[in-house]
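The values are calculated or read from the model by the stated rules, or taken from the named source; none is laboratory data. Please read all numbers here as calculations on a predicted model, not as lab measurements. Every residue, glycine as well, gets a Cβ built from its backbone with ideal geometry; the counts of neighbours run over all protein chains shown. Please note that ligands, DNA and RNA were not included when accessible areas were found on the heavy atoms of the full protein model with its side chains. Shrake-Rupley method; radii C 1.70, N 1.55, O 1.52, S 1.80 Å.
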Amino acid sequence: MTTIQVDNITAYHAHLYFHDMESMEAAVLIADAAQAAFPIKVGRFHQRPVGPHPVWSCQLSFAASTFGDFIPWLMMNRGNTDVFLHPLTGDDYLDHTQGASWLGHSYPLKLDMFRPS
């Protein structure tokens, strides 16, 4: 087995998943509270599937050094919002497969965009 160096992780993304305006409002509240408490960047709230994500989503970006404080907070404060979490190593396919974690329900991702042609 090849060991992947965690030193290659430069940051993380936590994608809040939602399905309609009501669940998007819950995700907005989570994102606002997270941004008030942690040094994170909140992306756009997409009201359609974007990239590999099969449902509406919003990306929360944060430094690797923030992981230990932010992820436990997100675990306990996400409510019914599902969260897809992955590292940023420079290898998108690896990040969205081997490095993937879920809080709540998991969803099949559209990974073809990351595979070499």
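See the values below:
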| read-out | value |
| --- | --- |
| Residue count for the stretch 3-27, restricted to those that are open to solvent by 90 Å² or more (accessible area, probe 1.4 Å), over 16 Å from the mean Cα position of the chain (by Cα) and over 14 Å from residue 99 (Cα atoms) | 3 |
| All strands (runs of 3 or more DSSP E) inside the stretch 1-103 with 2 or more residues being among the β-branched types (Val, Ile, Thr) and modelled with pLDDT of 95 or more | 40-46 |
| Conditions (1) buried (at least 16 other Cβ atoms within 10 Å of the Cβ); (2) within 12 Å of the chain's Cα centre (by Cα); (3) not β-branched (Val, Ile, Thr): number failed by residue 92 | (2) |
| Any hit, the stretch 50-72, residues being open to solvent by 80 Å² or more (accessible area, probe 1.4 Å), touching a helix residue (DSSP H, G or I) at 6+ places or on another chain (Cβ under 7 Å) and hydroxyl-bearing (Ser, Thr, Tyr) | no |
| Among residues of the stretch 106-117, those that are in a loop (DSSP other than H, G, I, E, B) and over 13 Å from the mean Cα position of the chain (by Cα), counted | 6 |
| Cross-chain or 6+ apart pairs with Cβ under 7 Å, the stretch 84-110 first and over 16 Å from residue 74 (Cα atoms), then of a type in the set (A, V, I, L, M) and part of a strand (DSSP E or B) | 88/11; 95/88 |
| Failed item, numbered, when residue 30 is tested on (1) touching a residue at least 60 places away in the same chain (Cβ under 8 Å); (2) open to solvent by less than 40 Å² (accessible area, probe 1.4 Å) | (1) |
| Test: residue in the stretch 109-117 that is within 23 Å of residue 7 (Cβ to Cβ) and surrounded by fewer than 17 Cβ atoms within 10 Å (Cβ to Cβ) | yes |
| So residue 61, is it of a type outside the set (A, V, I, L, M) and touching a Phe, Trp or Tyr at 6+ places or on another chain (Cβ under 6 Å) | no |
| Filtered residue count, the stretch 32-52, keeping only those that are of a type outside the set (Lys, Arg) and either touching a Gly at 6+ places or on another chain (Cβ under 9 Å) or more than 19 Å from residue 75 (Cβ to Cβ) (or both) | 8 |
